[in-house]
Amino acid sequence: MMETLYSIRHSEPAAEGLDGKIRQLKAECGELLGNIDTKVEYVPVPERVEKAEAFIKLAVVAAEELELNVDIERGDGRVVFRFYDTGLYLGERREFYGYMFKTCDSVAVLPCEEVEGCSFKVVFSYYTHRQFVAGREVRWG
């Protein structure tokens, strides 16, 4: 028998209150947000660019040997690995995913609609560049 030690549920915020907060944030950050599309600069971090190349090779080998469905993309100062999965992690798959979780900068587990037979996708991002917007650095972590 399982014992519940802690449980919480959050109700959805009122749409009206959320819309007001979003408008307020846009007003406060308008100048910076306006510069995002026009004044973005990516500065490479050489050791991270090099490590990303090793990650890409590792993911390609793992995809072939462990029969993983994956999309790998590069852009916006990062490399993105999208694994389309069924959620069973045993043996080498467990070790590979564990390594990716520990090493990448961000991880998202999302519903999967792109690939047939896929329960969810696991998206790993590894940042290779520092990002500046209008001269101010945007930190990712």
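The values are calculated or read from the model by the stated rules, or taken from the named source; none is laboratory data. Small disclaimer: the values here were computed from a predicted structure and weren't measured. Heads up, the Cβs are rebuilt from the backbone with ideal geometry, glycines too, and the neighbour counts pull from every protein chain shown. Please note that ligands, DNA and RNA were not included when accessible areas were found on the heavy atoms of the full protein model with its side chains. Shrake-Rupley method; radii C 1.70, N 1.55, O 1.52, S 1.80 Å.
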For D71, the accessible surface traced by a 1.4 Å probe with all protein chains present amounts, in square angstrom to the nearest 10, to 70 Å²
Of segment 68-83, those with amide N under 13 Å from the point 7 Å along the Cα→Cβ vector of C118 are 68-73, 81-83
Once all protein chains are kept in place, K57 shows an accessible area at probe 1.4 Å, nearest 10 Å², of 140 Å²
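Heavy atoms only, probe 1.4 angstrom, no DNA, RNA or ligands counted: give me C29, C104 ranked by accessible area, highest first. Don't skip to the answer; put the middle values down first.
Working: C29 55, C104 15 Å².
Sorted descending by solvent-accessible area, the residues read C29, C104.
Between beta-carbons, use under 14 Å as the cut-off and find the net charge around G117, counting Lys and Arg +1, Asp and Glu -1. Before the final figure, lay out each step's value.
Details: positive: K121; negative: E67, D85, E113, E114, E116.
Overall, the nearby charge balance is -4.
Stretch R136-K102 to full length: gain in nm at 0.36 nm per residue minus the Cα-Cα span? Intermediate results must be reported in sequence, preceding the final value.
Numbers: separation 34, 0.36 × 34 = 12.24 nm, distance 2.79 nm.
The span from R136 to K102 would gain 9.4 nm if fully extended.
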Measure of exposure for Y89: accessible area at 1.4 Å probe, Å² rounded to 10, is 80 Å²
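Quick one: grab the alpha carbon gyration tensor of segment 69-121, order the square roots of its eigenvalues as a ≥ b ≥ c, and give me rounded if a/c is under 1.5, else prolate or oblate depending on whether a/b is larger than b/c.
On the way: a/c = 2.10, a/b = 1.12, b/c = 1.88.
Here segment 69-121 falls in the oblate category.
Among I56, I22, what's the order by accessible area (1.4 angstrom probe), most exposed first?
Values: I56 35, I22 75 Å².
The most accessible residue leads, giving I22, I56.
Name the shape class, rounded, prolate or oblate, that the alpha-carbon gyration tensor gives for segment 40-132, where a ≥ b ≥ c are the square roots of its eigenvalues, rounded holds for a/c under 1.5, and otherwise prolate holds if a/b is larger than b/c and oblate otherwise. Intermediate values should be presented prior to the final figure.
On the way: a/c = 2.29, a/b = 1.63, b/c = 1.40.
Prolate is the answer for segment 40-132, as a/c is 1.5 or above and a/b outweighs b/c.
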